[in-house]
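Undergrad: Input: one structure, supplied below.
The values are calculated or read from the model by the stated rules, or taken from the named source; none is laboratory data. Since this is a predicted model, take the numbers as computed values, not measurements. Cβ atoms come from the backbone with ideal geometry, glycine included; neighbour counts cover every protein chain shown.
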Amino acid sequence: MAGFYLHIPFCRKACHYCDFHFSTQLSKIDEMVAAMKQEIDSRASDWSDTVFETIYLGGGTPSLLGIDQLKDLIDHAYDKLAFSADLEFTLECNPEDITAERLSPVEGARREQTQHRHSVF
């Protein structure tokens with residue numbers, strides 16, 4: 001089973017218990033999204049025979065991405081990589097970030113058959 005993980009390294013604040021790489025410099029999110037899309041482009045040929053069964057956006061706090069940023073990143077991955085017809089999609093979220101509008105790019109992300117899971121922490 002192949003899984004596709006994107007680490008979104010941004011947080012509103014530093015948590016004393018967290019050992020993951022993160023930044024509280026939210027002004028850099030657009031640059032990171034562009035860099036992640038470039039990385040997907042540069043690695044797509046390495047994964048040409050791979051069908052991913054899961055896509056997981058973790059962090060950091062992926063729910064800090066704006067609606068357009070989230071949709072752009074998801075759509076780019078779908079354009080460049082192969083995903084299973086019964087794909088499971090997971091997005092880590094902070095409770096204060098969850099609204100129907102903010103989750104709509106995930107819920108409508110090109111695949112009606114996708115199983116969506118939102119991990120709230």
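Undergrad: Counting only residues that are among the aliphatic types (A, V, I, L, M) and outside any strand (DSSP E or B), which one in the range 1-29 is farthest from Asp79 (Cα to Cα)?
TA: Selected residue: Ala14.
Undergrad: Using the structure shown, decide if Phe83 is at negative phi, surrounded by 13 or more Cβ atoms within 10 Å (Cβ to Cβ), modelled with pLDDT of 95 or more and assigned to a strand (DSSP E or B).
TA: No: the conditions fail for Phe83.
Undergrad: Select from the range 1-37 the residues that are touching a Pro at 6+ places or on another chain (Cβ under 7 Å) and either of a type in the set (Gly, Ala, Ser) or loosely packed, with under 11 Cβ neighbours inside 10 Å (or both) and write down the one among them that is nearest to Asp86 (Cα to Cα).
TA: Filtering first and then ranking leaves His21.
Undergrad: Can you tell me which residue in the range 38-68 is surrounded by the most Cβ atoms within 10 Å (Cβ to Cβ), limited to those that are over 22 Å from Phe20 (Cα atoms) and polar (S, T, N, Q)?
TA: Restricting to residues being over 22 Å from Phe20 (Cα atoms) and polar (S, T, N, Q), the top hit is Thr50.
Undergrad: Sticking with this one: Mind listing whichever residues of the range 30-53 are more than 24 Å from Gln69 (Cβ to Cβ), small (Gly, Ala, Ser) and part of a helix (DSSP H, G or I)?
TA: Once the filter is applied, which keeps residues that are more than 24 Å from Gln69 (Cβ to Cβ), small (Gly, Ala, Ser) and part of a helix (DSSP H, G or I), the range 30-53 yields only Ser45.
Undergrad: Do you know which residues across the range 1-24 are free of Cβ contacts under 8 Å to residues at least 12 places away in the same chain and either of a type in the set (Gly, Ala, Ser) or touching a strand residue (DSSP E or B) at 6+ places or on another chain (Cβ under 8 Å) (or both)?
TA: Within the range 1-24, Ala14 is the sole residue that qualifies.
Undergrad: Also, quick follow-up: Suppose the filter is surrounded by 15 or more Cβ atoms within 10 Å (Cβ to Cβ), in contact with a Lys or Arg (Cβ under 8 Å, 6 or more places away or on another chain) and more than 20 Å from Glu88 (Cα to Cα); does Leu73 pass it? First the steps, then the outcome.
TA: Working: surrounded by 15 or more Cβ atoms within 10 Å (Cβ to Cβ): yes; in contact with a Lys or Arg (Cβ under 8 Å, 6 or more places away or on another chain): yes; more than 20 Å from Glu88 (Cα to Cα): no.
Answer is no for this residue.
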